[in-house]
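Worksheet for the structure shown next.
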Amino acid sequence: MGARATAAVAPPRRQDLMDSDDLLDYSNRVFGHLPRRDQRRWATVYLSGLLATPGRKSVRRLAHTLALPSSAAQALQQFITSSPWDWAAPRRELARLAAGLLPDAVWTTGTVLLRRGGTQAVGLHQRPLPESGRRVNCQLSVGLFLTDGRRSIPVDWELMLDDTWCDDPERRRRTRIPDEVTSRPVWALALEMLARAAADGVAGSAPLVHGPGAGRDASLLATHLDRAGREFVIEVPPHQPLTALPSGGPGPATVRTGTAAGLVADHVRTARPGRDGRRPLYSALVRFHSPKTSSAVPRRAFRLIAEIPPGRDRPSRFWLTSLLDTGAAAVHALALRSAVTETSVDQLQNGLGLLDFEGRSFPGWHHHMTLASAAYLYRSLSGAATPARAHG
């Protein structure tokens, strides 16, 4: 792909995209591996439609926006839901392009919850909404992003499938779930995507910044990342059990065990706010605490970082990191890159049809997520995406 693909262009408009050499070059770069000419063509058409169509991105609306014949909607649906093309190679190319665009990026994760009616779409399950706790019928997915301080690019996706899907042969057959796919928690899906990127040689030394989705399994995520030699910053809940270690080494008289919030309580009472109203970040060496000794719980030291907002008398967010030689402010800045990813998820959902997949199959869902991610990266390369910034 030449310099044309990275030049700033105006926001795409309808038929202009179908005639764009830039987009064709980009589509050939990402989807050129597809074995059939018609698959490569429909990839470009679908990509064009996602970029140009306002509002909901149904295949009918995509075809209408691009002024295509009425039969095109059916062909697009066939390309997404039934055509047997492999999404791994396009995602590998997306990761390589994103790594070139964001040379100092870290890995981040983002979750997407799609409320849907019916019972047939792959992965549908009753789950609580984060904001209200009310249980709804939805799909839940986790994405892997490359993120600097301004932009966050999605490069891989996994769909959450529980045992009601993975242990049901008829459901698996109907939605074409591969035999090797099993039920795994969010943190394990993140590890799997990160391992794929490492195998492809993409951003191998970049740390992972993982949001609160790890939940009670933060220790397992940390264990596997530590074993893989991957540095990390993991957000943990206030009630995360931890053991605080003295700076000079473990000593029975000074070791304290409690929750993340409890360990920070004394600091909140004694730390004075600066001129900007902020208290200093709390930073202390800790290790994961488990009432039962288990090889699954890492015993080595990590660092707990806590943020205390201005005007508050308690910390609001907590992170554990393996970056022991990195200052608390620098770790905090990396942790806040998750906010850039949240903005990208919103843009993907509201502007590029991330949630508008109309099919029911596992391959179809992955095809659509790959095309939506490709559309987002194209906008980033062309300068049409609105950059976000991490807020400190």
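So the values come out like this:
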{"quantity": "Within the range 1-47, considering residues that are more than 27 Å from the chain's Cα centre (by Cα), closer than 20 Å to residue 79 by Cβ and outside any helix (DSSP H, G or I), the one modelled with the lowest pLDDT", "calculated": "20"}
{"quantity": "Some residue of the range 125-140 being closer than 20 Å to residue 186 by Cα, at pLDDT below 95 and in contact with a helix residue (DSSP H, G or I) (Cβ under 6 Å, 6 or more places away or on another chain)", "calculated": "no"}
{"quantity": "Matching entry among 91, 60, 96 (being in a helix (DSSP H, G or I), in contact (Cβ under 8 Å) with a residue 24 or more places away in the chain and touching a helix residue (DSSP H, G or I) at 6+ places or on another chain (Cβ under 7 Å))", "calculated": "91"}
{"quantity": "Pairs where the first residue, in the range 166-178, is free of Cβ contacts under 8 Å to residues at least 24 places away in the same chain and the second is in a loop (DSSP other than H, G, I, E, B) and of a type in the set (Gly, Ala, Ser), C-beta under 9 Å, 6+ apart", "calculated": "166/183; 167/183"}
{"quantity": "Condition met for residue 134 (basic (Lys, Arg) and touching a Pro at 6+ places or on another chain (Cβ under 7 Å))", "calculated": "yes"}
{"quantity": "Count of the range 179-194 residues which are touching a residue at least 60 places away in the same chain (Cβ under 8 Å) and of a type outside the set (Val, Ile, Thr)", "calculated": "2"}
{"quantity": "Strands (runs of 3 or more DSSP E) contained in the range 103-163 and holding at least 3 residues under 23 Å from residue 230 (Cα atoms) and among the polar types (S, T, N, Q)", "calculated": "106-115"}
{"quantity": "Top-ranked residue of the range 216-231 - restricted to ones that are in contact with a strand residue (DSSP E or B) (Cβ under 7 Å, 6 or more places away or on another chain) and under 20 Å from residue 260 (Cα atoms), ranked as surrounded by the fewest Cβ atoms within 10 Å (Cβ to Cβ)", "calculated": "218"}
{"quantity": "Subset of the range 346-371 [touching a helix residue (DSSP H, G or I) at 6+ places or on another chain (Cβ under 6 Å) and small (Gly, Ala, Ser)]", "calculated": "353, 359, 361, 364"}
{"quantity": "Scan of the range 225-239 for residues that are farther than 16 Å from residue 319 by Cβ, out of contact with any helix residue (DSSP H, G or I) (no Cβ under 9 Å at 6 or more places or on another chain) and either assigned to a loop (DSSP other than H, G, I, E, B) or in contact (Cβ under 8 Å) with a residue 12 or more places away in the chain (or both), ordered by number", "calculated": "229"}
{"quantity": "Where residue 261 falls short, out of the listed (1) of a type in the set (A, V, I, L, M, F, W, C); (2) at pLDDT 85 or above; (3) touching a Leu at 6+ places or on another chain (Cβ under 9 Å); (4) not in a strand (DSSP E or B)", "calculated": "(3)"}
{"quantity": "Residue within the range 125-132 that is touching an Asp or Glu at 6+ places or on another chain (Cβ under 9 Å), under 22 Å from residue 348 (Cα atoms) and hydrophobic (A, V, I, L, M, F, W, C) present", "calculated": "no"}
{"quantity": "Selection status of residue 204, exposed (fewer than 15 other Cβ atoms within 10 Å of the Cβ) and either in contact with a Gly (Cβ under 6 Å, 6 or more places away or on another chain) or without any contact (Cβ under 8 Å) to a residue 24 or more places away in the chain (or both)", "calculated": "yes"}
{"quantity": "Residue check, residue 143 crowded, with 23+ Cβ neighbours inside 10 Å, within 30 Å of residue 28 (Cβ to Cβ) and at pLDDT below 95", "calculated": "no"}
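Per-residue answers, yes or no, for (1) surrounded by fewer than 23 Cβ atoms within 10 Å (Cβ to Cβ); (2) among the hydroxyl-bearing types (Ser, Thr, Tyr); (3) over 27 Å from residue 175 (Cα atoms):
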| position | (1), (2), (3) |
| --- | --- |
| 39 | yes, no, no |
| 49 | no, no, no |
| 69 | yes, no, yes |
| 75 | yes, no, no |
| 84 | yes, no, no |
| 102 | yes, no, yes |
| 106 | no, no, yes |
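The values are calculated or read from the model by the stated rules, or taken from the named source; none is laboratory data. Being a predicted model, the structure only gives us computed values, none of them experimental. Note that we place each Cβ from the backbone using ideal geometry, even for glycine, and neighbour counts take in every protein chain shown.
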